[in-house]
1. Please state the relative contact order of chain A as a whole percent: Cα pairs under 8 Å, 6+ residues apart?
2. Provide A:Lys14, B:Lys135, B:Lys51 ordered by accessible surface of protein heavy atoms (probe 1.4 Å), highest first.
3. Any idea what angle helix B:133-160 forms with the longest principal axis of chain B, computed on alpha-carbon atoms, 0 to 90 degrees, nearest 10?
4. Taking θ as phi - 60°, what are the ³J(HN,Hα) couplings along region B:117-129 by the Karplus curve (6.51, -1.76, 1.60), each to the nearest whole Hz, with x for Gly and Pro?
5. B:Lys51 label points, 7 Å along Cα→Cβ, one per copy: pairwise distances from this copy to the rest in nm, shortest first?
6. Excluding ligands, DNA and RNA, what is the solvent-accessible area per residue of region A:1-139 at a probe of 1.4 Å, expressed in Å²?
7. From the Cα gyration tensor of the protein assembly as shown, with a ≥ b ≥ c the square roots of its eigenvalues, which class applies: rounded if a/c is under 1.5, or else prolate if a/b is larger than b/c, or else oblate?
8. Suppose every Lys and Arg Cβ carries +1 and every Asp and Glu Cβ carries -1, with no other charges. What dipole size does region B:15-172 come out with about its Cα centre, to the nearest 20 debye?
2 protein chains.
Amino acid sequence: MIPSELDEGLPLEKIRDFSLEELLGMAIKAEIGAREFYTSLAERMEIQALKEKIEWLAEEEKKHEELLRRIYANMFPGEDVIFPEEHIGPELQPVARKLHSVEDIIDLIRWAMKAEEIAANFYAELENIMGTEDKRRLMRYLSDMERGHYYTLKAEYELLLDWAMYSQMMNLGP
Amino acid sequence: MIPSELDEGLPLEKIRDFSLEELLGMAIKAEIGAREFYTSLAERMEIQALKEKIEWLAEEEKKHEELLRRIYANMFPGEDVIFPEEHIGPELQPVARKLHSVEDIIDLIRWAMKAEEIAANFYAELENIMGTEDKRRLMRYLSDMERGHYYTLKAEYELLLDWAMYSQMMNLGP
């Protein structure tokens with residue numbers, strides 16, 4: 001079930017009410033959610049070119065989760081990851097239903113775009129909070145990566161809006 | 001040989017001096033150049049994670065070339081592609097030399113970032129020139145994709161600048 005009005009999650013200005021451990025926990029949770037979302041979406045996707053792109057995004061988010069866990073272990077050695085209830089951006093849920101039309105796909109891509117955009121802004125905010133240059137650099141890395149994902153999705157989204165052309169130009173058989 | 005001052009190629013304000021056939025020809029030439037550059041760079045890259053990312057970019061540019069050739073064939077049926085001498089952004093040359101240090105890689109990534117950024121702006125300009133909404137949409141698609149590549153490269157670039165951390169966080173070697 002996709003809400004027509006997207007829940008944007010934790011407002012960015014609230015970030016400073018949380019500890020760094022909590023914020024990193026939220027980030028890890030968001031990366032896991034994004035991966036599960038993309039994996040389930042790819043499984044249901046019949047457009048091969050788009051399926052591959054979504055699978056690629058799922059792998060990327062997996063790498064981000066691993067990177068964040070290393071950062072966490074480095075900053076808080078021996079401590080379990082704290083997962084706050086709050087979430088960054090829309091809470092992406094695994095896609096459990098069959099995709100019936102291109103409109104279903106368009107809705108989900110729009111949802112994912114929103115999540116990527118908010119994640120990029122979230123990491124940019126974390127960059128300001130981090131106390132050392134190496135940690136700031138890592139947050140910049142994650143922010144740029146998510147921004148890259150946003151544009152990748154935006155590209156597909158724009159083209160999907162004209163399905164007749166999409167199928168023609170992407171050489172999708174009738 | 002990488003120039004320290006990057007040749008930015010055709011200034012965007014000159015775009016309207018060329019025919020659409022010539023501009024599409026330039027775009028196809030740029031995608032071919034970018035693919036050859038990324039392919040040769042990936043072959044010489046010993047950092048596995050980065051090698052995979054660069055290979056992915058090479059595949060992407062290949063798809064863009066194919067898409068542009070389909071657009072060309074659709075707009076100018078039966079006509080050979082015109083390749084003007086002018087080029088969009090820095091003319092990326094295949095990497096023929098061995099990469100000796102991370103600084104060599106950083107230079108090349110910076111070069112590629114510039115090329116991707118200019119390509120994104122070029123396609124955005126082409127969007128304004130195209131006469132029909134479907135063609136405008138295709139240019140928007142290409143512009144967003146190249147913008148995505150720019151951010152993907154920027155992320156790696158930022159992290160490569162702190163090599164000690166990069167190798168630690170990407171779980172490279174001892």
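The values are calculated or read from the model by the stated rules, or taken from the named source; none is laboratory data. Source: prediction; values computed, not measured. When we count neighbours, we look across all protein chains shown, and the Cβ atoms used for this are built from the backbone with ideal geometry, even at glycine. Quick note on the areas: whole protein, heavy atoms, side chains included, nothing else; ligands and nucleic acids left out. Shrake-Rupley method; radii C 1.70, N 1.55, O 1.52, S 1.80 Å.
1. On the way: 181 pairs, mean separation 44.2, N = 174.
Relative contact order here is 25 percent.
2. Numbers: A:Lys14 95, B:Lys135 25, B:Lys51 45 Å².
Sorted descending by solvent-accessible area, the residues read A:Lys14, B:Lys51, B:Lys135.
3. Once rounded, the angle reads 10 degrees.
4. 5, 5, 4, 4, 5, 4, 5, 5, 5, 4, 4, 5, 7
5. From this label point to the equivalent ones elsewhere in the assembly: 2.9 nm.
6. Working: 6700 Å² over 139 residues.
That works out to 48 Å² per residue.
7. Details: a/c = 2.09, a/b = 1.29, b/c = 1.62.
Here the protein assembly as shown falls in the oblate category.
8. On the way: 20 positive and 33 negative charges, 52 e Å.
Charge dipole, region B:15-172, about its Cα centre: 260 debye, nearest 20.
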